[in-house]
Amino acid sequence: MAHCGGGDGLGTADVLTPVMAWVESGRQPGRIVASTVAGGATTRTRPVFPYPVVARYDGTGNADDAANFVPSTPRAAPADYRWV
């Protein structure tokens, strides 16, 4: 998310609170919710799951609400990209 700051993507997430809960009480986060904030109002949320799981819209409700997404593990491994 940090590399896309200021774009159309979801650029806000509270990562610290779930990580603190993990360290302090052993509750590993199953997801972190990312959001888009415009004019002080949250306009879109999406869950972010541990790799390789991705968020899949469940087909009901508002597609801009993280509550309407479920974890989905891709059938095939992602292509091996050589970035460097």
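The values are calculated or read from the model by the stated rules, or taken from the named source; none is laboratory data. Nothing here was measured: the structure is a model prediction, and the numbers come from that model. Glycine gets a Cβ as well: all are built from the backbone with ideal geometry, and neighbour counts include every protein chain shown. Heads up: the accessible areas ignore ligands, DNA and RNA and are worked out on the full protein's heavy atoms, side chains in. Shrake-Rupley method; radii C 1.70, N 1.55, O 1.52, S 1.80 Å.
Observations on the model:
- For the stretch 47-73, the set of residues classified as under 17 Å from S35 (Cβ atoms) and acidic (D, E) consists of D64, D65, listed by residue number.
- Of residues in the stretch 37-59 being open to solvent by 70 Å² or more (accessible area, probe 1.4 Å) and of a type in the set (K, R), the one nearest to P74 (Cα to Cα): R56
- Meets criteria (in contact with a Gly (Cβ under 9 Å, 6 or more places away or on another chain) and at pLDDT below 85) for G6: no
- For the stretch 20-36, the condition of being in contact with an Asp or Glu (Cβ under 9 Å, 6 or more places away or on another chain) and of a type in the set (K, R) holds for none of the residues.
- Test result for T17, modelled with pLDDT of 85 or more, among the polar types (S, T, N, Q) and surrounded by 13 or more Cβ atoms within 10 Å (Cβ to Cβ): no
- Filter result (assigned to a loop (DSSP other than H, G, I, E, B) and either closer than 14 Å to G30 by Cβ or β-branched (V, I, T) (or both)) within the stretch 54-78: T60, T73
- Neighbours by Cβ (under 6 Å, 6+ apart or cross-chain): first from the stretch 27-43, under 15 Å from D8 (Cβ atoms); second aliphatic (A, V, I, L, M): A34/L10; A34/A13; A34/V48; S35/L10; T36/L10
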